[in-house]
Amino acid sequence: MSVVTRFPPSPTGFMHVGNARTALFNYLYARRHGGKFLVRIEDTDRKRHSEEAVQVIFEGLEWMGLEYDGEALSQFAGMGRHAEVAHEMLKAGKAYYCYCSPEELEAMRETAKAEGRSQFYDRRWRDRDPSEAPQDIKPVVRIKAPLEGETTINDVVQGAVTVAHDQLDDFILLRSDGTPTYMLSVVVDDHDMGVTHILRGDDHLNNSFRQKLIFDAMGWTLPVFGHLPLIHGPDGGKFSKRHGAQSVREYKELGYLPEAFCNYLLRLGWSHGDDEIISREQAIEWFDLEHIGRSPARFDFAKLDSLNAHYIKEARPERLLECSREFYKERHGLELSDIAVERITLGIEELKARSKTLLQFVDESAFYARSIPYAFDEKALALLGESKAILAALEDELESLEPFTGESIQNLCQKIAGDLAEGKLGKVAMPLRAAVTGTTVSPSIFGACAVLGRKETCARIRFAVQQGK
Ligand code: GLU
(Lines give C-alpha, C1' and ligand atoms only; values in the text may rest on other atoms or scores of the structure.)
Protein backbone atom coordinates (compact mmCIF):
# COMPACT_ATOMS: atom_id res chain seq x y z
CA MET A 1 0.00 0.00 0.00
CA SER A 2 1.41 3.34 -0.98
CA VAL A 3 1.26 5.94 1.76
CA VAL A 4 -0.89 9.03 1.24
CA THR A 5 -0.98 11.72 3.92
CA ARG A 6 -2.72 15.03 3.91
CA PHE A 7 -2.61 18.48 5.42
CA PRO A 8 -6.08 20.04 5.50
CA PRO A 9 -5.84 23.49 7.09
CA SER A 10 -8.75 25.82 7.57
CA PRO A 11 -7.69 29.18 6.16
CA THR A 12 -7.89 31.43 9.18
CA GLY A 13 -5.26 33.92 8.03
CA PHE A 14 -2.82 32.36 10.39
CA MET A 15 -0.72 29.18 10.35
CA HIS A 16 -0.26 28.07 13.91
CA VAL A 17 2.90 26.32 15.10
CA GLY A 18 0.76 23.27 15.89
CA ASN A 19 -0.50 23.15 12.31
CA ALA A 20 3.03 23.58 11.05
CA ARG A 21 4.18 20.58 13.08
CA THR A 22 1.26 18.51 11.81
CA ALA A 23 2.14 19.45 8.24
CA LEU A 24 5.79 18.55 8.82
CA PHE A 25 4.99 15.13 10.29
CA ASN A 26 2.62 14.28 7.45
CA TYR A 27 5.17 15.46 4.91
CA LEU A 28 7.98 13.43 6.46
CA TYR A 29 5.91 10.30 6.76
CA ALA A 30 4.87 10.45 3.12
CA ARG A 31 8.42 11.15 1.92
CA ARG A 32 9.84 8.42 4.10
CA HIS A 33 7.61 5.89 2.39
CA GLY A 34 7.87 7.32 -1.09
CA GLY A 35 4.19 8.21 -0.86
CA LYS A 36 2.21 11.35 -1.45
CA PHE A 37 1.70 14.41 0.72
CA LEU A 38 -1.52 16.17 -0.28
CA VAL A 39 -2.90 19.53 0.71
CA ARG A 40 -6.58 20.32 0.98
CA ILE A 41 -7.84 23.74 1.92
CA GLU A 42 -10.90 23.43 4.17
CA ASP A 43 -12.54 26.51 2.79
CA THR A 44 -16.23 25.76 3.24
CA ASP A 45 -16.85 28.68 5.59
CA ARG A 46 -17.60 31.13 2.81
CA LYS A 47 -18.56 34.00 5.07
CA ARG A 48 -15.08 34.24 6.48
CA HIS A 49 -13.26 33.07 3.38
CA SER A 50 -10.44 35.12 1.93
CA GLU A 51 -7.85 34.31 -0.70
CA GLU A 52 -5.28 36.07 1.41
CA ALA A 53 -5.82 33.60 4.25
CA VAL A 54 -5.24 30.74 1.81
CA GLN A 55 -2.04 32.38 0.63
CA VAL A 56 -0.75 32.53 4.21
CA ILE A 57 -0.86 28.73 4.28
CA PHE A 58 0.97 28.29 0.99
CA GLU A 59 3.52 30.83 2.11
CA GLY A 60 4.08 28.90 5.35
CA LEU A 61 4.45 25.58 3.54
CA GLU A 62 6.84 27.08 1.05
CA TRP A 63 8.95 28.71 3.73
CA MET A 64 9.19 25.41 5.59
CA GLY A 65 10.11 23.63 2.37
CA LEU A 66 7.14 21.26 2.53
CA GLU A 67 6.39 20.59 -1.11
CA TYR A 68 3.11 18.86 -1.67
CA ASP A 69 2.09 16.58 -4.46
CA GLY A 70 -0.24 17.69 -7.21
CA GLU A 71 -2.60 20.62 -6.88
CA ALA A 72 -3.95 21.71 -3.52
CA LEU A 73 -7.63 20.81 -3.34
CA SER A 74 -10.49 23.05 -2.31
CA GLN A 75 -13.00 21.39 -0.01
CA PHE A 76 -15.60 23.91 -1.08
CA ALA A 77 -15.27 22.76 -4.69
CA GLY A 78 -16.18 19.22 -3.61
CA MET A 79 -19.43 20.06 -1.84
CA GLY A 80 -21.57 18.59 -4.63
CA ARG A 81 -19.76 15.29 -4.32
CA HIS A 82 -20.09 15.35 -0.51
CA ALA A 83 -23.85 15.83 -0.80
CA GLU A 84 -23.99 12.97 -3.28
CA VAL A 85 -22.49 10.66 -0.68
CA ALA A 86 -25.14 11.70 1.84
CA HIS A 87 -27.77 10.71 -0.72
CA GLU A 88 -26.08 7.36 -1.25
CA MET A 89 -26.23 6.82 2.49
CA LEU A 90 -29.93 7.73 2.46
CA LYS A 91 -30.56 5.21 -0.27
CA ALA A 92 -28.67 2.52 1.57
CA GLY A 93 -30.64 3.16 4.75
CA LYS A 94 -27.56 4.44 6.55
CA ALA A 95 -28.98 7.92 6.96
CA TYR A 96 -32.38 9.53 7.23
CA TYR A 97 -34.22 12.81 6.85
CA CYS A 98 -35.01 14.59 10.06
CA TYR A 99 -37.79 17.17 10.05
CA CYS A 100 -37.47 18.58 13.52
CA SER A 101 -38.39 22.21 13.92
CA PRO A 102 -36.00 24.57 15.71
CA GLU A 103 -38.45 24.64 18.63
CA GLU A 104 -38.45 20.86 18.95
CA LEU A 105 -34.65 20.79 18.89
CA GLU A 106 -34.51 23.48 21.51
CA ALA A 107 -36.85 21.53 23.75
CA MET A 108 -34.69 18.42 23.35
CA ARG A 109 -31.61 20.44 24.19
CA GLU A 110 -33.24 21.70 27.37
CA THR A 111 -34.29 18.22 28.45
CA ALA A 112 -30.83 16.79 27.80
CA LYS A 113 -29.28 19.62 29.76
CA ALA A 114 -31.58 19.03 32.70
CA GLU A 115 -30.74 15.33 32.62
CA GLY A 116 -27.02 15.96 32.24
CA ARG A 117 -26.75 14.24 28.85
CA SER A 118 -24.41 15.55 26.17
CA GLN A 119 -26.34 13.90 23.31
CA PHE A 120 -29.60 15.73 22.98
CA TYR A 121 -31.22 14.54 19.78
CA ASP A 122 -33.72 11.78 20.57
CA ARG A 123 -33.66 10.21 17.09
CA ARG A 124 -37.39 10.79 16.63
CA TRP A 125 -37.20 10.72 12.82
CA ARG A 126 -34.91 7.73 12.61
CA ASP A 127 -37.68 5.23 11.99
CA ARG A 128 -40.55 7.48 11.12
CA ASP A 129 -42.22 7.25 7.75
CA PRO A 130 -41.33 10.21 5.51
CA SER A 131 -45.05 10.47 4.63
CA GLU A 132 -45.44 12.04 8.06
CA ALA A 133 -43.07 14.82 7.10
CA PRO A 134 -44.34 18.33 7.68
CA GLN A 135 -44.54 20.39 4.47
CA ASP A 136 -43.06 23.55 5.87
CA ILE A 137 -39.81 22.12 7.19
CA LYS A 138 -36.76 21.51 5.05
CA PRO A 139 -35.15 18.41 6.49
CA VAL A 140 -31.56 17.78 7.46
CA VAL A 141 -29.93 14.42 6.76
CA ARG A 142 -28.67 12.54 9.78
CA ILE A 143 -26.51 9.45 9.99
CA LYS A 144 -27.98 6.30 11.55
CA ALA A 145 -25.36 5.80 14.19
CA PRO A 146 -25.25 2.38 15.84
CA LEU A 147 -27.33 2.31 19.03
CA GLU A 148 -25.43 -0.33 20.91
CA GLY A 149 -21.88 -1.49 21.36
CA GLU A 150 -18.78 0.58 21.02
CA THR A 151 -16.22 1.82 18.52
CA THR A 152 -12.48 1.43 18.97
CA ILE A 153 -9.86 3.35 17.11
CA ASN A 154 -6.37 1.92 17.18
CA ASP A 155 -4.58 5.19 17.19
CA VAL A 156 -0.88 4.90 16.38
CA VAL A 157 -0.03 7.55 18.95
CA GLN A 158 -2.71 7.21 21.61
CA GLY A 159 -3.16 3.44 21.45
CA ALA A 160 -6.62 1.85 21.42
CA VAL A 161 -9.27 4.44 22.22
CA THR A 162 -12.84 3.29 22.68
CA VAL A 163 -16.11 5.11 22.84
CA ALA A 164 -19.50 3.62 23.70
CA HIS A 165 -22.07 4.15 20.97
CA ASP A 166 -24.51 5.74 23.37
CA GLN A 167 -22.04 8.62 23.37
CA LEU A 168 -22.38 9.15 19.63
CA ASP A 169 -25.48 10.84 18.28
CA ASP A 170 -27.14 10.72 14.90
CA PHE A 171 -25.20 13.74 13.78
CA ILE A 172 -26.06 15.82 10.75
CA LEU A 173 -24.55 15.06 7.35
CA LEU A 174 -26.47 17.56 5.23
CA ARG A 175 -27.94 20.79 6.51
CA SER A 176 -31.45 21.82 5.57
CA ASP A 177 -30.08 23.99 2.76
CA GLY A 178 -28.47 20.87 1.30
CA THR A 179 -24.89 21.79 2.20
CA PRO A 180 -22.69 19.08 3.70
CA THR A 181 -21.34 19.37 7.23
CA TYR A 182 -17.65 19.43 7.99
CA MET A 183 -17.78 15.88 9.37
CA LEU A 184 -19.09 14.50 6.09
CA SER A 185 -16.85 16.58 3.83
CA VAL A 186 -13.68 15.52 5.63
CA VAL A 187 -14.47 11.84 5.27
CA VAL A 188 -15.48 12.02 1.62
CA ASP A 189 -12.39 14.03 0.77
CA ASP A 190 -10.08 11.74 2.70
CA HIS A 191 -11.58 8.75 0.96
CA ASP A 192 -11.53 10.27 -2.51
CA MET A 193 -7.97 11.48 -2.07
CA GLY A 194 -6.93 7.95 -1.12
CA VAL A 195 -5.59 9.07 2.25
CA THR A 196 -4.03 6.17 4.13
CA HIS A 197 -2.73 7.97 7.23
CA ILE A 198 -4.29 10.84 9.15
CA LEU A 199 -1.88 12.55 11.53
CA ARG A 200 -3.46 15.50 13.26
CA GLY A 201 -3.89 17.25 16.59
CA ASP A 202 -5.60 15.29 19.34
CA ASP A 203 -8.29 17.97 19.50
CA HIS A 204 -9.73 16.02 16.56
CA LEU A 205 -9.80 12.66 18.32
CA ASN A 206 -13.50 12.95 19.13
CA ASN A 207 -14.29 13.67 15.51
CA SER A 208 -12.55 10.46 14.50
CA PHE A 209 -15.23 8.27 16.06
CA ARG A 210 -17.93 10.06 14.12
CA GLN A 211 -15.86 10.01 10.97
CA LYS A 212 -15.31 6.28 11.38
CA LEU A 213 -19.09 5.80 11.37
CA ILE A 214 -19.24 7.42 7.94
CA PHE A 215 -16.35 5.32 6.64
CA ASP A 216 -18.10 2.21 7.95
CA ALA A 217 -21.49 3.17 6.56
CA MET A 218 -19.97 3.61 3.11
CA GLY A 219 -17.91 0.43 3.41
CA TRP A 220 -14.72 2.45 2.87
CA THR A 221 -11.32 1.48 4.26
CA LEU A 222 -10.52 3.39 7.40
CA PRO A 223 -7.20 5.27 7.27
CA VAL A 224 -4.66 4.85 10.04
CA PHE A 225 -5.15 7.54 12.67
CA GLY A 226 -2.47 9.22 14.76
CA HIS A 227 -3.51 12.02 17.07
CA LEU A 228 -0.65 14.22 18.18
CA PRO A 229 -0.71 15.69 21.67
CA LEU A 230 -1.01 19.44 21.61
CA ILE A 231 1.92 21.76 22.12
CA HIS A 232 2.10 23.41 25.50
CA GLY A 233 3.81 26.61 26.60
CA PRO A 234 7.05 26.50 28.59
CA ASP A 235 5.02 26.65 31.81
CA GLY A 236 2.90 23.66 30.85
CA GLY A 237 -0.20 25.73 30.13
CA LYS A 238 -1.91 25.95 26.77
CA PHE A 239 0.57 27.45 24.30
CA SER A 240 -0.63 30.96 23.66
CA LYS A 241 0.37 34.48 22.75
CA ARG A 242 1.51 35.30 26.23
CA HIS A 243 4.30 32.71 25.79
CA GLY A 244 5.52 34.10 22.49
CA ALA A 245 5.07 33.88 18.74
CA GLN A 246 2.27 31.59 17.59
CA SER A 247 2.32 31.67 13.84
CA VAL A 248 4.79 30.44 11.25
CA ARG A 249 4.95 33.90 9.72
CA GLU A 250 6.01 35.40 13.04
CA TYR A 251 8.91 32.98 13.31
CA LYS A 252 10.00 33.93 9.83
CA GLU A 253 9.74 37.60 10.74
CA LEU A 254 11.72 37.08 13.94
CA GLY A 255 14.66 35.84 11.90
CA TYR A 256 14.49 32.08 12.29
CA LEU A 257 15.81 29.95 9.48
CA PRO A 258 13.20 27.48 8.26
CA GLU A 259 15.66 24.61 8.69
CA ALA A 260 16.04 25.50 12.40
CA PHE A 261 12.29 25.96 12.85
CA CYS A 262 11.53 22.61 11.20
CA ASN A 263 14.25 20.81 13.15
CA TYR A 264 12.79 22.27 16.32
CA LEU A 265 9.21 21.26 15.45
CA LEU A 266 10.36 17.78 14.55
CA ARG A 267 11.91 17.30 17.97
CA LEU A 268 8.84 18.78 19.59
CA GLY A 269 6.89 15.59 19.96
CA TRP A 270 9.12 13.11 18.14
CA SER A 271 12.49 11.67 19.01
CA HIS A 272 15.33 9.69 17.51
CA GLY A 273 17.52 8.66 20.40
CA ASP A 274 19.39 11.69 21.68
CA ASP A 275 19.70 13.33 18.29
CA GLU A 276 18.95 17.03 18.38
CA ILE A 277 20.33 18.27 15.08
CA ILE A 278 18.46 16.47 12.37
CA SER A 279 18.73 17.49 8.74
CA ARG A 280 15.78 17.21 6.39
CA GLU A 281 17.39 14.19 4.69
CA GLN A 282 17.87 12.41 8.01
CA ALA A 283 14.37 13.32 9.11
CA ILE A 284 12.97 11.72 5.96
CA GLU A 285 15.07 8.66 6.54
CA TRP A 286 14.18 8.30 10.22
CA PHE A 287 10.68 9.64 10.77
CA ASP A 288 8.32 7.02 12.12
CA LEU A 289 5.08 6.91 14.02
CA GLU A 290 6.42 4.78 16.87
CA HIS A 291 8.49 7.61 18.31
CA ILE A 292 5.85 10.31 18.39
CA GLY A 293 5.51 11.40 22.01
CA ARG A 294 2.33 10.56 23.85
CA SER A 295 2.30 13.50 26.17
CA PRO A 296 2.18 17.18 25.30
CA ALA A 297 5.54 18.73 24.49
CA ARG A 298 6.52 22.07 25.97
CA PHE A 299 7.69 24.78 23.66
CA ASP A 300 11.24 25.75 24.59
CA PHE A 301 12.34 29.05 23.08
CA ALA A 302 15.94 28.71 24.28
CA LYS A 303 16.27 25.43 22.44
CA LEU A 304 14.85 26.93 19.29
CA ASP A 305 17.35 29.80 19.58
CA SER A 306 20.27 27.46 19.99
CA LEU A 307 19.18 25.44 16.95
CA ASN A 308 18.83 28.65 14.99
CA ALA A 309 22.33 29.73 15.99
CA HIS A 310 23.57 26.33 14.88
CA TYR A 311 21.91 26.51 11.47
CA ILE A 312 23.10 30.08 10.96
CA LYS A 313 26.66 28.93 11.60
CA GLU A 314 26.26 26.04 9.21
CA ALA A 315 24.57 27.98 6.42
CA ARG A 316 26.36 28.91 3.24
CA PRO A 317 26.76 32.70 2.84
CA GLU A 318 24.44 32.74 -0.19
CA ARG A 319 21.73 31.00 1.80
CA LEU A 320 21.99 33.46 4.69
CA LEU A 321 21.91 36.42 2.37
CA GLU A 322 18.98 35.03 0.43
CA CYS A 323 16.98 34.59 3.65
CA SER A 324 18.05 38.02 4.94
CA ARG A 325 17.54 40.18 1.86
CA GLU A 326 14.07 41.30 2.90
CA PHE A 327 15.29 42.21 6.39
CA TYR A 328 18.00 44.52 5.06
CA LYS A 329 15.28 46.29 3.11
CA GLU A 330 12.65 46.41 5.84
CA ARG A 331 14.87 47.23 8.78
CA HIS A 332 17.52 49.38 7.16
CA GLY A 333 16.13 50.41 3.78
CA LEU A 334 19.09 48.71 2.14
CA GLU A 335 19.28 46.86 -1.17
CA LEU A 336 22.28 44.58 -1.22
CA SER A 337 24.71 45.68 -3.92
CA ASP A 338 27.44 43.38 -5.24
CA ILE A 339 30.01 45.15 -3.11
CA ALA A 340 27.81 44.75 -0.01
CA VAL A 341 27.48 41.03 -0.67
CA GLU A 342 31.23 40.77 -1.15
CA ARG A 343 31.99 42.54 2.13
CA ILE A 344 29.40 40.64 4.19
CA THR A 345 30.72 37.40 2.77
CA LEU A 346 34.27 38.33 3.75
CA GLY A 347 33.20 39.14 7.29
CA ILE A 348 30.67 36.36 7.59
CA GLU A 349 32.37 33.91 9.92
CA GLU A 350 32.36 36.31 12.84
CA LEU A 351 28.86 37.52 12.05
CA LYS A 352 27.58 33.95 12.00
CA ALA A 353 29.26 33.11 15.28
CA ARG A 354 27.56 36.07 16.96
CA SER A 355 24.05 35.63 15.59
CA LYS A 356 21.13 33.88 17.24
CA THR A 357 18.71 35.16 14.63
CA LEU A 358 18.84 36.59 11.14
CA LEU A 359 17.69 39.92 12.55
CA GLN A 360 20.84 40.09 14.64
CA PHE A 361 22.89 39.01 11.64
CA VAL A 362 21.33 41.73 9.52
CA ASP A 363 21.57 44.47 12.14
CA GLU A 364 25.22 43.76 12.82
CA SER A 365 26.20 43.54 9.17
CA ALA A 366 24.08 46.36 7.75
CA PHE A 367 27.02 48.75 7.99
CA TYR A 368 28.80 46.74 5.29
CA ALA A 369 25.93 47.51 2.96
CA ARG A 370 25.78 51.24 3.65
CA SER A 371 27.48 53.95 1.70
CA ILE A 372 28.31 57.54 2.54
CA PRO A 373 26.29 59.47 3.57
CA TYR A 374 24.82 57.21 6.27
CA ALA A 375 23.17 57.99 9.58
CA PHE A 376 24.61 57.57 13.08
CA ASP A 377 22.70 56.52 16.14
CA GLU A 378 22.69 58.71 19.24
CA LYS A 379 25.41 56.85 21.12
CA ALA A 380 27.65 56.78 18.07
CA LEU A 381 27.21 60.51 17.53
CA ALA A 382 28.16 61.25 21.11
CA LEU A 383 31.32 59.14 20.81
CA LEU A 384 32.31 60.89 17.61
CA GLY A 385 31.95 64.28 19.26
CA GLU A 386 34.41 63.31 22.00
CA SER A 387 36.98 61.71 19.76
CA LYS A 388 37.61 63.95 16.76
CA ALA A 389 41.32 64.31 17.41
CA ILE A 390 41.83 60.59 17.86
CA LEU A 391 39.90 59.80 14.70
CA ALA A 392 41.78 62.39 12.67
CA ALA A 393 45.13 60.97 13.81
CA LEU A 394 43.96 57.45 13.09
CA GLU A 395 42.71 58.31 9.63
CA ASP A 396 45.98 59.98 8.84
CA GLU A 397 47.99 56.86 9.70
CA LEU A 398 45.57 54.42 8.12
CA GLU A 399 46.20 56.14 4.78
CA SER A 400 49.64 54.62 4.65
CA LEU A 401 49.32 51.54 6.88
CA GLU A 402 50.93 48.46 5.33
CA PRO A 403 49.67 45.77 5.28
CA PHE A 404 46.03 46.76 5.82
CA THR A 405 44.85 43.84 7.97
CA GLY A 406 42.82 43.38 11.12
CA GLU A 407 45.98 42.76 13.07
CA SER A 408 47.91 45.76 11.76
CA ILE A 409 44.87 48.02 12.28
CA GLN A 410 44.61 46.84 15.87
CA ASN A 411 48.31 47.47 16.44
CA LEU A 412 47.96 50.95 15.03
CA CYS A 413 44.97 51.67 17.28
CA GLN A 414 47.01 50.47 20.24
CA LYS A 415 49.83 52.81 19.30
CA ILE A 416 47.46 55.78 18.97
CA ALA A 417 45.89 54.85 22.29
CA GLY A 418 49.38 55.04 23.79
CA ASP A 419 49.91 58.49 22.26
CA LEU A 420 46.52 60.04 22.89
CA ALA A 421 44.41 57.95 25.28
CA GLU A 422 46.53 56.73 28.17
CA GLY A 423 46.99 53.41 26.44
CA LYS A 424 43.28 52.56 26.51
CA LEU A 425 42.50 50.68 23.31
CA GLY A 426 38.75 51.12 23.80
CA LYS A 427 39.15 54.88 23.58
CA VAL A 428 40.26 54.42 19.99
CA ALA A 429 38.36 51.31 18.99
CA MET A 430 34.94 52.54 20.14
CA PRO A 431 35.04 55.83 18.22
CA LEU A 432 36.41 53.95 15.22
CA ARG A 433 33.42 51.60 15.42
CA ALA A 434 31.01 54.51 15.77
CA ALA A 435 32.59 56.24 12.78
CA VAL A 436 32.71 53.28 10.44
CA THR A 437 29.45 51.52 11.36
CA GLY A 438 27.27 54.39 12.62
CA THR A 439 26.48 52.27 15.69
CA THR A 440 28.12 50.99 18.85
CA VAL A 441 27.53 47.28 18.20
CA SER A 442 29.37 45.38 15.49
CA PRO A 443 31.76 42.50 14.98
CA SER A 444 35.42 43.18 15.75
CA ILE A 445 36.03 46.60 14.30
CA PHE A 446 39.62 45.93 13.22
CA GLY A 447 38.58 43.00 11.06
CA ALA A 448 35.61 45.00 9.78
CA CYS A 449 37.88 47.85 8.63
CA ALA A 450 40.13 45.35 6.87
CA VAL A 451 37.06 43.99 5.06
CA LEU A 452 35.96 47.50 4.06
CA GLY A 453 39.46 48.28 2.76
CA ARG A 454 41.62 51.31 3.20
CA LYS A 455 39.80 53.66 0.85
CA GLU A 456 36.34 53.07 2.30
CA THR A 457 37.53 53.04 5.92
CA CYS A 458 39.34 56.36 5.58
CA ALA A 459 36.45 57.94 3.68
CA ARG A 460 34.05 56.84 6.42
CA ILE A 461 36.24 58.26 9.17
CA ARG A 462 36.53 61.61 7.36
CA PHE A 463 32.76 61.67 6.85
CA ALA A 464 32.13 60.78 10.49
CA VAL A 465 34.45 63.46 11.86
CA GLN A 466 32.36 66.06 10.05
CA GLN A 467 29.17 64.68 11.65
CA GLY A 468 30.27 64.41 15.30
CA LYS A 469 28.66 66.94 17.61
N1 GLU B 1 -9.21 21.77 9.12
C2 GLU B 1 -8.84 21.10 10.32
C3 GLU B 1 -7.94 21.99 11.14
O4 GLU B 1 -7.36 22.92 10.59
C5 GLU B 1 -8.11 19.82 10.04
C6 GLU B 1 -8.86 18.65 10.45
C7 GLU B 1 -8.23 17.32 10.09
O8 GLU B 1 -7.00 17.19 10.10
O9 GLU B 1 -9.00 16.42 9.80
O10 GLU B 1 -7.81 21.78 12.31
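The values are calculated or read from the model by the stated rules, or taken from the named source; none is laboratory data. The model shown is predicted, which means the values in this text are computed figures rather than measured ones. Cβ atoms come from the backbone with ideal geometry, glycine included; neighbour counts cover every protein chain shown.
Assorted remarks:
- Filtered by the rule that a residue be more than 12 Å from the ligand (Cβ to nearest atom) and surrounded by fewer than 20 Cβ atoms within 10 Å (Cβ to Cβ), region 1-31 gives Met1, Ser2, Val3, Gly13.
- Tally of residues being of a type in the set (Asp, Glu) and closer than 18 Å to Leu61 by Cα across region 1-50: 2
- Among residues of region 406-446, those that are acidic (Asp, Glu) and farther than 21 Å from Ile348 by Cβ, counted: 2
- When Leu358, Leu334, Leu351 are checked against the criterion of being touching a Phe, Trp or Tyr at 6+ places or on another chain (Cβ under 7 Å), more than 19 Å from Ala309 (Cα to Cα) and either crowded, with 19+ Cβ neighbours inside 10 Å or free of Cβ contacts under 8 Å to residues at least 60 places away in the same chain (or both), Leu334 stands alone in meeting it.
- Residue that is nearest to the ligand (Cβ to nearest atom) [pool: residues in region 32-43 that are assigned to a loop (DSSP other than H, G, I, E, B) and over 16 Å from Gly201 (Cα atoms)]: Asp43
- Per the conditions (1) within 16 Å of the ligand (Cβ to nearest atom); (2) in contact with a His (Cβ under 9 Å, 6 or more places away or on another chain); (3) of a type in the set (D, E, K, R), the sole criterion not satisfied by Asp235 is (1).
- The residue list Val157, Val163, Val140 contains one member that is within 23 Å of Ala86 (Cα to Cα) and crowded, with 16+ Cβ neighbours inside 10 Å, which is Val140.
- Any hit, region 448-469, residues being among the hydroxyl-bearing types (Ser, Thr, Tyr) and not in a helix (DSSP H, G or I): no
- In region 170-184, the condition of being buried (at least 19 other Cβ atoms within 10 Å of the Cβ), more than 30 Å from Leu268 (Cβ to Cβ) and of a type in the set (Asp, Glu) is met by at least one residue.
- Elements of the type strands (runs of 3 or more DSSP E) sitting completely within region 133-232 and holding at least 1 residues that are touching a Pro at 6+ places or on another chain (Cβ under 7 Å) and within 14 Å of the ligand (Cβ to nearest atom): these cover 197-201.
- Under the condition of being modelled with pLDDT of 95 or more and crowded, with 20+ Cβ neighbours inside 10 Å, the residues counted in region 232-257 number 6.
Listed here are the residues, each with its yes/no results for (1) away from the ligand (no atom under 16 Å from the Cβ); (2) touching a Phe, Trp or Tyr at 6+ places or on another chain (Cβ under 7 Å); (3) in contact (Cβ under 8 Å) with a residue 40 or more places away in the chain; (4) over 30 Å from Arg123 (Cβ atoms).
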residue: Asp45; (1), (2), (3), (4): no, no, no, no
residue: Gly60; (1), (2), (3), (4): no, no, yes, yes
residue: Gln75; (1), (2), (3), (4): no, no, yes, no
residue: Met79; (1), (2), (3), (4): no, no, yes, no
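- Residue match in region 274-286 (condition: part of a loop (DSSP other than H, G, I, E, B), of a type in the set (Ser, Thr, Tyr) and more than 16 Å from Val17 (Cα to Cα)): yes
- Evaluated against (1) in contact with a Ser or Thr (Cβ under 8 Å, 6 or more places away or on another chain); (2) part of a loop (DSSP other than H, G, I, E, B), Gly244 falls short on exactly one condition, (1).
- The residue that is surrounded by the most Cβ atoms within 10 Å (Cβ to Cβ), counting only those in region 412-431 that are under 9 Å from Ile390 (Cα atoms) and of a type outside the set (D, E, K, R), is Pro431.
- Boolean, Thr357 is within 30 Å of Lys455 (Cβ to Cβ) and of a type in the set (Val, Ile, Thr): no
- Of the numbered criteria (1) within 15 Å of the ligand (Cβ to nearest atom); (2) surrounded by fewer than 20 Cβ atoms within 10 Å (Cβ to Cβ); (3) closer than 30 Å to Arg123 by Cα, the one His87 fails is (1).
- Contact map, region 202-223: first residue without any contact (Cβ under 8 Å) to a residue 60 or more places away in the chain and within 19 Å of Asp169 (Cβ to Cβ), second residue among the β-branched types (Val, Ile, Thr) and assigned to a loop (DSSP other than H, G, I, E, B), Cβ cut-off under 8 Å, separation 6 or more or different chains; pairs are Phe215/Thr221.
- Checklist (1) farther than 30 Å from Leu147 by Cβ; (2) within 24 Å of the chain's Cα centre (by Cα); (3) of a type in the set (A, V, I, L, M) applied to Met193, failing item: (2)
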